[in-house]
Amino acid sequence: KLRGIAIGAALTAGSIGALFTGAPLNYLLDQVPSWQVSFGIIASFGAIIWLLALVYLPCQKKDKKPEKVSEVSIWEKLHKIIKSKPIMIYAIIAIALYAPLSVMGDLWGTSFLMKKFALNRGEASSSLMNIYVGLAIGSIVLPYFAEKYQILNKIILFSVIILLALFIVLIYSPNLNQIHLFSLIILIAFFCGAETLCFNAALRYTDSHSS
């Protein structure tokens with residue numbers, strides 16, 4: 001029952017990590033003349049976290065050796081999943097919901113905001129950081145209501161429709177002030193959190209061996 005919320009919580013944790021890492025990294029890039037040094041400092045903190053995890057996380061107990069699964073059975077299971085129309089439909093929808101985040105956050109989002117709304121690079125980057133705020137919230141809230149009221153497909157469809165409307169506003173709106181732009185980006189990321197629902201929905205069409 002809580003599988004969708006658990007999937008969303010994992011994505012929320014990653015979004016919070018990106019949100020809290022982005023600000024220090026931007027600060028270092030402004031203060032330190034070399035970007036290599038900035039990334040080295042961030043990497044050193046990552047190494048410390050890795051060492052702490054290595055020392056304090058408990059080791060998994062060794063169980064009996066699991067039975068080896070033949071390559072034929074793996075390919076058969078994969079073929080079965082690919083042949084499932086509902087799973088493939090949910091996979092396509094999940095990609096469509098993830099693509100806006102990838103494009104805006106990793107590719108041309110900063111350049112788009114700078115050109116369309118006459119922002120400098122710092123302002124555009126700060127605006128895009130709200131992606132992680134919206135995604136962190138949406139990845140928990142949407143699965144919660146989907147599980148509670150058993151309306152998973154309805155929320156996915158509603159999110160797709162809302163996203164289309166929000167992107168129309170973002171692309172064709174002649175001008176947006178900073179508050180409206182922040183709110184719009186948060187809403188876009190919030191409804192992109194519906195991608196977690198696609199994973200949960202697809203799992204309903206798998207068995208314990210192929211999931």
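Key figures
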{"item": "Geometric extent, Cα atoms of the range 129-168 - Rg, Dmax (angstrom)", "result": "11.1, 32"}
{"item": "List Lys83, Lys148, ordered by accessible area with a 1.4 Å probe, largest first", "result": "Lys83, Lys148"}
{"item": "Of Lys85/Lys148; Lys83/Lys154; Lys80/Lys148; Lys80/Lys154, those spanning more than 28 Å from alpha-carbon to alpha-carbon", "result": "Lys80/Lys148"}
{"item": "Exposure rank, largest accessible area first [Met104, Met88; 1.4 Å]", "result": "Met88, Met104"}
{"item": "Solvent accessible area, Å² - Leu184, 1.4 Å probe, full protein context", "result": "10 Å²"}
{"item": "Spin-label pair Lys83/Ile49, simplified geometry with 7 Å Cα→Cβ offset, distance in nm", "result": "4.3 nm"}
{"item": "Förster radius 25 Å - calculated FRET efficiency between Thr206 and Asn153, Cβ distance, rounded to 0.05", "result": "0.90"}
{"item": "Efficiency of FRET between Lys116 and Ser73 - r from beta-carbon atoms, R0 41 angstrom, step 0.05", "result": "0.20"}
{"item": "FRET efficiency, 1/(1 + (r/R0)^6) with R0 30 Å, evaluated for Ile171 and Leu28 via beta carbons", "result": "0.35"}
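The values are calculated or read from the model by the stated rules, or taken from the named source; none is laboratory data. Predicted model, so just to flag it, every value in this text is computed and none were measured. In this analysis, Cβ positions are derived from the backbone assuming ideal geometry, glycine residues included, and neighbour counts consider all displayed protein chains. Areas reflect the complete protein model, heavy atoms only, side chains present, ligands, DNA and RNA absent. Shrake-Rupley method; radii C 1.70, N 1.55, O 1.52, S 1.80 Å.
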